[in-house]
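Notes for the one structure printed next.
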Amino acid sequence: MSTAGPNPSIGLTTISRTVASLAVGVVHTVERAVVGEARMRTARGNAWEAVCADRARADRRAELDRLVAELAAARRQRERQPVS
């Protein structure tokens, strides 16, 4: 009686994982060669871009809020003036 388990076989999922892994490696290598080490995207770079985008959105929102407040003040001013 043998205690060895079933023979591991190469299935479709094993092949597709291998192909995907190789493809990621190739893309990564090509990106390094084309873009260069200094311009490679990193998690830190992505996080900093997200922070900058959030700040830019906040600045635009503050500017819009300021403009709306100015328009509301101008409208109140117009409504207070008597009609001649």
- Task: Search region 22-59 for residues being modelled with pLDDT under 80 and among the acidic types (Asp, Glu), and hand back the single one that is nearest to the chain's Cα centre (by Cα).
- Result: Glu31
- Message: Condition (residue is free of Cβ contacts under 8 Å to residues at least 24 places away in the same chain, of a type in the set (S, T, N, Q) and loosely packed, with under 10 Cβ neighbours inside 10 Å) applied to region 24-41: is it met by at least one residue?
- Response: no
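The values are calculated or read from the model by the stated rules, or taken from the named source; none is laboratory data. In this text, all values refer to a predicted model and were calculated from it rather than measured experimentally. Virtual Cβ from ideal backbone geometry, glycine too; neighbours counted across all protein chains shown.
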